[in-house]
Each structure stands twice: as structure tokens, then as C-alpha cells.
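*Asks:* Dropping a structure here in C-alpha cells format, bear with me for questions.
Only the coordinates and a few stated rules stand behind these numbers; no lab work does. Keep in mind that this is a model prediction, so the values were computed, not measured. Here Cβ is always computed from backbone atoms with ideal geometry, including for glycine, and neighbour counts include all displayed protein chains.
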Amino acid sequence: MTQHYLTSAAYRDLTIHSIYAMSDSEIHALFARLRWGSTTHQGCPACGAWAVHYSRPQRRQWRCRECGRDFSVTSATAFASHKKPLRSILLAAFYYVTGVKGLAGLGLSRMGDYSPKAAHATLGKMRESIFRTQDFTPLTGIVEIDGGYFGGKPRKPNRRGRRNHQLIADRLAGRNPERQRPWHRSGTTRQNWEKRRNRRVVMIFREKGAPGEGAIRSIAAVASAEDDHHATELIARYVAPSATIMTDESPAYAGVSKTHEHYAVRHSQEYVSAEGINENQAESFFSRLRRWEYGVSHGVRPTYLADYANEMVWREDVRRHSIRVQLEMLLTKALTVGHSRWWRGYYQGKRRGTEILMNKDLHHSGPGKGNAQ
Ligand SMILES: [Zn+2]
């Protein structure tokens, strides 16, 4: 059996110890290189001038040769106006990439120099950076598609006999149980019953690599249901016409053969059909997202579900890279995405507040009016 990548020395090419061994200047130089791809030149965030700008070493800033404005390595990035030293951000990014099932804000605040709120916002900024820099160009070759339901699970009634008691009470009182409110019929409260409204489907699209390579690029979107309407729209957007599509036998994909070569695997009978049709890559994505749901988040609400689904897409797609490479990829995203739109001022009430369905408005979802939750 081949060695699992996560146990190999090649994967573990960066540790907490090596981060602590770096000097402040080395960390600053690392951020500059990841932001600008250069150790000598900087791009002014105000006017865009690309030059060796005047260095202001005391403040670890630069002054633009063109417009004269001062800027730092984090100006106009997801980490703009951060109060933490760069080392803390670097450590947070390290914990983020090594927490392969996702990292809870409380987990980061236990390990790093962060209050629970600051940890929550910092992780939110990293997730946003991944989401907003995601490559959404259509997938080619063999593409697996599947949907998985998340959220919206009412708690089970806490007394086992309650449903029967309710039925008996209804009968004695001459009430027709069929005409009762649905939450009464299932022996629960209206509030609990209405959690069903929070049920969403995460649709996953994964392009397969060479045999044995697994999936090489993936796209996820959150929809209100796994049906023909949503599937058709997302396939038109995310799958090239030349691609071959593999799905399960859900009726949502009944129309796929009109636009693409299409194979369906029957889950009830087989995991891999005789022709090698399977959905293993989609399953692998859902197992990661499911482990996050049960083990890290302890409950999903729709507002940020798309953000988390895209985080897991990224984690799946970079799984064969080393810790150092993943960390540099993540920081590059956060340093080049621009200002955070969803997490800057989160605790001052500037929240997105709305969920992102079908990846719509991804590029102009500013902070909402504020939504206490
Ligand atoms: Zn400038």
C-alpha cells in the first residue's frame, strides 16, 4: 500500500518551530513576496505604480514614488488594518491549512494569540479570500456531479412517546390528526419544525485527472434544491460542452444527456459500474464537508454555507501540496483579493447577512445592513 500523503515528510515541510525561528524581517519579506511576487518591487495600492518605492523601514512601510501615499504590506488586502503582528497571521494561516477538516474560531483562539471574535473574523477573511479568488472557468474531461443536503435538520422530539400521546389526545378531543399543524403531527414545536427551511443542497462538480490522480479541479455551489432547474443552470455555467458527465440516478440529471455525454451510476446496486462509472470524487468531497459539519461546526446555517463549501473545495484541490505550498497559496489569495467585503467591521455590525445561492452576486456582495445572530 502506498503511503498516505499526509504522513509523508514531503508534506510536512513547515512546522510551528520553523515559523518561530523566522525573524520579523523575514516574515515581512515573505508577505511582500507573496503579495507582489517580487522581493524588490511593490505595486502601490492607491495608484497602481509598480516600482522600487521609497522604503520607510522604521514603520515597515513604503512611500509611493508616484502619488506619495504611504502603504504597508497589508494595505488594501484582506488583512488591512490588522492589529496583530504578521507572525500571528502567519501562524493562523498555518493552523488553517493544517486543520484539514476546517478550523473552528475557538480552536484558533485556543492555539494562537486571538480572542474568539478576532479568530472568527480572521478565519472568515481567509475563507472569503479563497471563495472570491476561486477559478470558475468551466470544467473539462470527465466531470462528476452530485448534490448533498446540509442543514435544516429539526431536533428529534425529546420524549419518545410524545407523538403517540398527541395522537391519543387528538382522538379523545375529536380532532382529526390529518388536519393538525405538521409540527403537532410529528410531536414537535413549530420553531423546531421550521428548521427545515434551512435545508440546502451543496452541488459539487469535480474534474477527474489521470487514473489514480483523483479530482484535479472542483467547483461548488449552494442551491435550494437538487433539481433539474438548478442542475441545468449550473452545468451550463461550470461544465464545458465537450465534457463527459457522471452523476447518480437522481431525476435532477434526467436532462443532462441532451447537452452532454452522460453516464449514471446506480447507488442502490453498485458503487462502480462495469464501465468504471463512479462518483468517488464527489463522495470524497462530501465526506470532508460532512466531517466539518459534525466535527467542527456542530450545525450549519445557510448564511455562510457556500463559504464553507468553497473552503472544502479548495482543501480538496490542494490536498497533494505540501504545508508550505498550501500556506503560501492561501496567503497570496488573502494578500491579492483586495479589502475584505464580508468581514471588515463584522463585529461593528457590517455583516453580509445574506446567503450566497448559486454563487450569484459573488463579486458584489457587500456588507449587509447588519444582522444580529
Ligand atoms: Zn501610488
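*Asks:* Quick check on my filter: what residues within the range 63-86 are more than 28 Å from ALA309 (Cα to Cα) and more than 16 Å from the ligand (Cβ to nearest atom)?
*Replies:* LYS83, PRO85
*Asks:* Within the range 93-105, identify whether any single residue is outside any loop (DSSP other than H, G, I, E, B), more than 16 Å from the ligand (Cβ to nearest atom) and touching a Pro at 6+ places or on another chain (Cβ under 7 Å), and answer yes or no.
*Replies:* Of the range 93-105, the ones outside any loop (DSSP other than H, G, I, E, B) are 93-98, 105.
The next check asks that each one be more than 16 Å from the ligand (Cβ to nearest atom); those that pass are 93-98, 105.
Then keep just the ones that are touching a Pro at 6+ places or on another chain (Cβ under 7 Å); that gives 105.
For the range 93-105, residues outside any loop (DSSP other than H, G, I, E, B), more than 16 Å from the ligand (Cβ to nearest atom) and touching a Pro at 6+ places or on another chain (Cβ under 7 Å): present.
*Asks:* Only one of ARG190, ARG217, ARG237 is over 14 Å from PRO302 (Cα atoms) and more than 22 Å from the chain's Cα centre (by Cα). Can you tell me which?
*Replies:* ARG190
*Asks:* Also, quick follow-up: List every residue pair whose Cβ atoms sit under 6 Å apart, with the two residues 6 or more apart in sequence or on different chains, where the first one lies in the range 36-54 and is free of Cβ contacts under 8 Å to residues at least 40 places away in the same chain and in a loop (DSSP other than H, G, I, E, B) and the second, anywhere, is more than 8 Å from the ligand (Cβ to nearest atom) and among the small types (Gly, Ala, Ser).
*Replies:* What qualifies is PRO45/SER75; PRO45/ALA76.
*Asks:* Cβ contacts < 8 Å: first residue part of a helix (DSSP H, G or I), restricted to the range 59-73; second residue more than 8 Å from the ligand (Cβ to nearest atom), any location; separation 6+ or different chain. Result?
*Replies:* ARG59/ASP70; ARG59/SER72
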